[in-house]
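Take a look at the structure below.
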Amino acid sequence: MNSWSERVLQLLRRMNSFHLPGSSIERCLRFEVGGQQVGWVPESVASVLGRFPEVFCPPHTGTVSLCPGLDSLERRSEAMEAVLQDLRGGATFTCLSGWRNEKYAVMPRYCDPPLMHMERAATSLFGVKRYGVHVNGFSRDGSGNLSMWVARRSKTKQTYPGKLDNLAAGGLAAGCSVKHTLVKECEEEACIPSSLAERATPVGTISYTYEDEDGVFPECQFVFDLELPTDFKPKIGDGEVQDFYYYPIETVKELLASEEFKPNCAMVVLDFLIRHSVIHPDSEPYYQEFVAGLHRSL
């Protein structure tokens, strides 16, 4: 069997580990806010939440919920912030050492109004959905051959330092639109002017849920393709990227099955390869598994 195919399949399995047999999904408690499920709370987290009875109701029928008296976005957000600051001070959970001072919106679905806001670094403790924007930057030569711009993350990044990344990407902070985030990240990370970034085409989403020692990560990335002039070169902006590379698409294909790529960025590239017919169902044995693995329901 094609070793490239096997490696990509393993990547997708890792990024969907919460759905695999033996995962913690059977032991996690549902996290509800205002009577709606917004996440999954691991047992190790649920046992600590009992210290905050004014914020969390005692677990009941497999559910942890915010107290009903916290009945507005503001009250819920303030109460959650106080709990997280307490846990952060006590060094209870290692993920809180990566505190970002960036709020994510918490809601059952992206189309729903936010029920509260939560510090980005804490979202995995409650298994709430996280959203982001990823941009594939590419060009075609005179013969139509594809090449792609790939970024290498700074060695000082909190997560996946030094790994390969998409041309630009970033999390969707509370109150920010997808387009605003797209333009901002392109400008900040790659010095792409807004007039050029706004030409990016929305091409869908990828979604997956994995788990690790920091909790549960249900994530959805809004994916954009940005065709760039062949003479355009991105420049290092805010320091989150240390270098940019311009590779033929076959080179990028080989790299995505290596340990070089940040895993979810490899998924974004795989989605690009499928949509641009770089890989085909007649020659790729796991074609259908690849498509399904990129679009698991959250």
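Can you tell which of L29, L11, L70, L66 is hydrophobic (A, V, I, L, M, F, W, C) and in the same structural domain as F217 (by TED's automatic domain parsing)? Steps first, please.
Values: L29 fails: in the same structural domain as F217 (by TED's automatic domain parsing); L70 fails: in the same structural domain as F217 (by TED's automatic domain parsing); L66 fails: in the same structural domain as F217 (by TED's automatic domain parsing).
Unique residue meeting the criteria: L11.
Filter the range 120-162 down to the residues that are part of a loop (DSSP other than H, G, I, E, B), surrounded by 14 or more Cβ atoms within 10 Å (Cβ to Cβ), hydroxyl-bearing (S, T, Y) and within 15 Å of the chain's Cα centre (by Cα) and list them by number.
Y160
From (1) touching a strand residue (DSSP E or B) at 6+ places or on another chain (Cβ under 6 Å); (2) not in a helix (DSSP H, G or I), pick out the condition that doesn't hold for A46.
A46 satisfies every listed condition except (2).
P248 - would you say it is touching a residue at least 40 places away in the same chain (Cβ under 8 Å) and either over 20 Å from the mean Cα position of the chain (by Cα) or under 16 Å from S139 (Cβ atoms) (or both)?
Working: touching a residue at least 40 places away in the same chain (Cβ under 8 Å): yes; either over 20 Å from the mean Cα position of the chain (by Cα) or under 16 Å from S139 (Cβ atoms) (or both): yes.
So P248 fits the description; yes.
Being farther than 23 Å from V133 by Cα and either outside any helix (DSSP H, G or I) or not assigned by TED's automatic domain parsing to the domain that holds D225 (or both) is the filter here, so list the residues in the range 249-298 that pass it. Give the steps one after another, and end with the answer.
Kept after step one, since they are farther than 23 Å from V133 by Cα, are these residues of the range 249-298: 250-251, 254, 279-289.
I279, H280, P281, D282, S283, E284, P285, Y286 - these are the residues of the range 249-298 that are farther than 23 Å from V133 by Cα and either outside any helix (DSSP H, G or I) or not assigned by TED's automatic domain parsing to the domain that holds D225 (or both).
What are the pairs with Cβ atoms under 6 angstrom where one residue, in the range 284-298, is touching a residue at least 12 places away in the same chain (Cβ under 8 Å) and under 12 Å from Y208 (Cβ atoms) and the other, located anywhere, is acidic (D, E) and not in a loop (DSSP other than H, G, I, E, B)? Sequence gap at least six, or different chains.
The qualifying pairs are L294/D271.
Return a yes/no flag: does the range 3-17 have any residue that is surrounded by 16 or more Cβ atoms within 10 Å (Cβ to Cβ), out of contact with any Leu (no Cβ under 8 Å at 6 or more places or on another chain) and farther than 30 Å from V278 by Cα.
No, the range 3-17 has no match at all.
Identify, by number, the condition in (1) assigned to a loop (DSSP other than H, G, I, E, B); (2) touching a strand residue (DSSP E or B) at 6+ places or on another chain (Cβ under 8 Å) that A169 doesn't meet.
Only one criterion is unmet by A169, namely (1).
F52: at pLDDT 95 or above and more than 24 Å from L167 (Cα to Cα), yes or no?
Numbers: at pLDDT 95 or above: yes; more than 24 Å from L167 (Cα to Cα): yes.
The answer is yes for F52.
The values are calculated or read from the model by the stated rules, or taken from the named source; none is laboratory data. In this text the structure is predicted, and so the values were computed from the model without any measurement. Neighbour counts run over all protein chains shown; Cβ positions are idealised from the backbone, glycine included.
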